[in-house]
Every structure is written in C-alpha cells, then in structure tokens.
1. How about region 101-123: which of its residues are within 17 Å of S87 (Cβ to Cβ) and in contact with a helix residue (DSSP H, G or I) (Cβ under 6 Å, 6 or more places away or on another chain)?
2. Take the residues of region 1-38 that are among the basic types (K, R) and in contact with a strand residue (DSSP E or B) (Cβ under 7 Å, 6 or more places away or on another chain): which is modelled with the highest pLDDT?
3. Filtering region 249-268 down to residues that are crowded, with 19+ Cβ neighbours inside 10 Å and part of a helix (DSSP H, G or I), which residue is modelled with the lowest pLDDT?
4. So which residues in region 44-67 are assigned to a loop (DSSP other than H, G, I, E, B), open to solvent by less than 10 Å² (accessible area, probe 1.4 Å) and either closer than 19 Å to C268 by Cβ or charged (D, E, K, R) (or both), if there are any at all?
5. List every residue pair whose Cβ atoms lie under 7 Å apart, where the two residues are 6 or more positions apart in sequence or sit on different chains, the first residue falls within region 87-111 and is closer than 24 Å to S122 by Cβ, and the second residue, located anywhere, is hydroxyl-bearing (S, T, Y).
6. Could you pull out the residue among I198, I226, I208 that is open to solvent by less than 30 Å² (accessible area, probe 1.4 Å), assigned to a helix (DSSP H, G or I) and closer than 19 Å to S159 by Cα?
7. Here's a check for you: in region 81-128, which residue that is under 19 Å from the mean Cα position of the chain (by Cα) and of a type in the set (D, E) is most open to solvent (accessible area, probe 1.4 Å)?
8. Is there a residue being more than 21 Å from G59 (Cα to Cα), at pLDDT 95 or above and either of a type in the set (F, W, Y) or more than 20 Å from the chain's Cα centre (by Cα) (or both) anywhere in region 224-233?
Amino acid sequence: MSEKKVKRIGATKSNIPKIITKNYDKPQSVRIISVCNQKGGCGKTTTVINVAAGLAKLGQRVLVVDLDSQCNATTGLGIDTSEIEKSVFELLVEPKKTNLEDVILETQYENLHIAPASIELSEFESRMAGEIGRENRLKKALLPLHSLYDFIILDTPPSLGLLSVNALNAANEVQIALQAHPFAFDGLNLLLETISLIKEELNPKLKITGLVVTMFDSRTKLSREIVDKVMNIELLSNCVFKTCIRQNVKLAEAVKARKSVLTYDPSCTGAEDYLSLSKEICLQNISQITPDVTANKNIETTVE
C-alpha cells in the first residue's frame with residue numbers, strides 16, 4: 001500500500017512514550033469487530049481509539065473504519081480532517097471510482113491505519129435511498145483488506161440506521177460499549193434485538209464477543225449494580241470483559257490532545273484499563289472460541 005501523506009495532529013513517532021508489551025498470537029483470520037451502541041456519550045469511540053492503539057502495541061495489524069459523520073475516531077487518532085482527500089463516504093457511495101489506497105491512511109502509531117470519516121457520511125442514507133444492496137456496501141469494500149490486517153474495527157454512529165446496519169452486516173463480531181448508567185442499560189435490549197435481526201436476515205455469522213462497561217466508578221453503588229445486572233443476563237454472561245473502564249479525566253484530555261490515552265499518559269488508570277482490555281481481546285485469538293449470543297428473548301432492563 002502506497003504511503004499517504006497527511007497532516008497529523010499531536011505526537012509524532014519520535015516522541016511517543018514507550019509502553020513495554022509483548023506480542024500476542026495473531027488470529028487465524030481477520031477479526032472484523034463492530035463496536036456498537038445506539039446511545040451517544042457511552043465511550044464507544046474512546047474505546048475504539050484506545051483498543052485499536054492497544055492492539056497495535058501488542059503486535060496486531062489494525063485498521064479502524066470510522067463510520068460516524070462526527071469524525072471523532074479520525075481526529076482522535078491524529079488525522080486532520082481538512083487534509084483528507086477521500087473518505088469512507090466515497091468508498092461506500094462510489095466504490096467503482098474510489099481506490100482503497102486513496103482512502104486508507106497511516107496514523108502516528110505503528111501497525112495502525114484508519115479509513116477516515118467525513119461530514120458527508122450524514123448524507124449516506126439519503127444517497128442510498130432506492131439503491132439495491134445498500135446494506136452490503138461496506139462488506140464488499142472490506143473484502144480486499146482481509147489478508148492485510150488482523151483486526152478491522154468499525155466505529156459506528158450513535159444510531160441504528162443504515163451505516164450501523166452496514167457495520168453489523170460486514171462484521172463477524174460485535175462488541176458493545178456500555179456506560180455504567182441506568183439510561184444506557186435501558187437501551188441495551190433494543191441493541192440486542194437489532195443484532196438478532198441482522199443475524200437472522202443478513203449475517204448469520206455475526207456473534208457478540210464482548211461487552212465492556214465504561215465510565216465505571218467502583219465507589220458508587222449504581223456502577224456496581226449495572227455490572228451485576230449485566231453479568232446476570234443469560235445472553236451476555238459469557239462475553240462480559242473482566243476489565244471495566246474506570247472514570248478517568250485523562251481519557252478526555254487524551255481526546256482533546258488527539259492521542260490515544262496509552263500515548264498521552266501511559267501510567268494513568270485509563271491507559272492501564274485499555275491495555276488490559278486489549279490483552280483480553282488478544283487472548284480470544286488463541287482459542288478462537290467465541291460465544292454465539294443473540295437477542296431472541298427479552299431481558300430485564302430496570303435498575304432498581
């Protein structure tokens with residue numbers, strides 16, 4: 001893949017602090033993970049940025065695909081959106097006219113590339129109205145990349161519209177970022193029902209392979225109750241990550257600095273948590289055993 005020169009914000013490779021890690025086994029085939037939650041502000045994009053950086057630190061070849069018109073994953077990985085020539089939008093809307101090499105960019109991190117978003121993604125649904133096979137656009141676009149990466153991580157918008165459907169159809173795994181808050185928990189059933197519908201109608205290979213609790217505060221009874229309730233959901237009990245992402249101001253500071261928290265402050269709890277989560281995800285590579293979880297029955301979503 002030819003080198004794409006773009007203006008990058010923040011750290012350069014020469015001044016990124018080193019985090020001592022070991023390389024983990026690579027998956028037998030590419031893992032395409034859609035990180036989902038229709039609720040905004042749940043830490044989904046923060047999770048995408050920092051898990052991608054963590055996986056890259058652990059020796060995995062990673063591509064982030066930013067499907068959100070807010071472009072937060074793109075800017076969070078240090079890409080200046082004003083310098084982007086072509087984005088995921090062109091790849092989805094005009095696939096025959098768009099070269100993959102013109103879309104995928106290097107980031108400031110070794111082993112980590114990104115297919116950036118643009119504001120035009122907000123027009124995707126209207127542009128695709130009436131198009132046959134519109135739910136397959138992303139799946140087809142990613143096919144040539146399967147042999148180039150160990151992980152392709154899809155950052156989805158905070159909705160369950162056509163872009164999210166494309167992400168779930170293109171992925172072989174779903175991982176959920178769930179804020180430790182009653183409102184976020186209340187919306188979990190709708191997300192599980194959507195995943196079940198996509199599995200039934202479009203993508204029978206889709207599996208839920210992880211749920212990470214974000215913005216966790218062990219000092220509050222409410223946070224602990226959310227974790228307990230998620231663990232007690234039969235459909236999710238085998239795929240809740242042991243690592244919870246604790247509340248940490250450094251995570252927001254890293255976003256402002258356009259860096260991963262592993263680079264911004266490697267010693268903070270946010271960096272510790274996301275590196276631990278990345279290791280958990282890598283350990284799934286060894287067994288290649290992932291639970292087949294679908295939402296074919298209702299769950300209790302009331303926090304007392």
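1. If the condition is that a residue be within 17 Å of S87 (Cβ to Cβ) and in contact with a helix residue (DSSP H, G or I) (Cβ under 6 Å, 6 or more places away or on another chain), then V103, A115, P116, A117, S118, E120, L121 are the ones that fit.
2. Ranking the qualifying residues of region 1-38, first place goes to R31.
3. V255
4. Answer for region 44-67, where residues must be assigned to a loop (DSSP other than H, G, I, E, B), open to solvent by less than 10 Å² (accessible area, probe 1.4 Å) and either closer than 19 Å to C268 by Cβ or charged (D, E, K, R) (or both): just L58.
5. Qualifying pairs under 7 Å: S87/S118; F89/S118; E90/T98; L91/T98; V103/S87.
6. I198
7. E110
8. no
The values are calculated or read from the model by the stated rules, or taken from the named source; none is laboratory data. Please read all numbers here as calculations on a predicted model, not as lab measurements. All Cβ positions, even for glycine, are placed from backbone atoms using ideal geometry, and neighbour counts span all protein chains on display. Remember, those area values only see protein heavy atoms, side chains included, never the ligands or the DNA or RNA. Shrake-Rupley method; radii C 1.70, N 1.55, O 1.52, S 1.80 Å.
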